[in-house]
Amino acid sequence: PELLDDLARDFVDHGFDMKRLAKTILKSRAYALSSLPTERNEADERNYARAYPRRLDPHVLYDAIRDVTGMPVEFDDYK
């Protein structure tokens with residue numbers, strides 16, 4: 001909660017600058033963590049000691065691919 005509060009405060013204090021918010025997140029230690037376990041964190045699944053890869057939900061993956069490729073949404077059998 002404290003991290004989100006700090007991000008929210010920084011976001012407001014800098015005029016709702018999305019570019020700055022993204023840069024702040026992308027430069028953070030948490031964002032840079034590897035998903036590969038080390039001897040020190042292989043058993044840790046609760047304290048954000050490393051990144052935990054997850055699969056995207058199908059609709060999220062579809063939207064991401066569509067956004068990147070610029071393809072319109074078209075379903076022949078959808079009514």
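The values are calculated or read from the model by the stated rules, or taken from the named source; none is laboratory data. Just so we're clear, the structure is a prediction, and the values are computed from it rather than from any experiment. All Cβ positions, glycine included, derive from the backbone under ideal geometry; neighbour counts span all protein chains shown. With ligands, DNA and RNA removed, areas are computed over all heavy atoms of the protein, side chains included. Shrake-Rupley method; radii C 1.70, N 1.55, O 1.52, S 1.80 Å.
Worth a mention:
- Computed [θ] at 222 nm, helices only, for the chain once each DSSP H run of length n ≥ 4 contributes -39500 (n - 2.57): -13500 deg cm²/dmol
- His14 accessible area, 1.4 Å probe, all protein chains in place, Å² to nearest 10: 90 Å²
- Surface composition of the chain: carbon and sulfur atoms hold 56% of the protein heavy-atom accessible area at a 1.4 Å probe.
- Once the C-beta distance of Val60 and Leu21 is scaled by a Förster radius of 22 Å, the resulting FRET efficiency is 0.60 to the nearest 0.05.
- Net dipole in debye of the chain [+1 Lys, Arg Cβ; -1 Asp, Glu Cβ; about Cα centre; nearest 20]: 300 debye
- Reciprocal mean inverse distance between Cα atoms of the chain - Kirkwood radius, Å: 16.2 Å
- Rounded to 10°, Cα long-axis angle of helix 2-13 versus longest principal axis of the chain: 70 degrees
- Theoretical FRET efficiency, 1/(1+(r/R0)^6), r = Cβ-Cβ of Glu2 and Glu45, R0 25 Å, to 0.05: 0.75
- For Asp5, solvent-accessible area (1.4 Å; no DNA, RNA or ligand), Å²: 90 Å²
- Ser28-Tyr52 FRET efficiency (beta carbon distance; Förster radius 25 Å; 0.05 resolution): 0.95
- Accessible area in square angstrom per residue, the chain, 1.4 angstrom probe: 99 Å²
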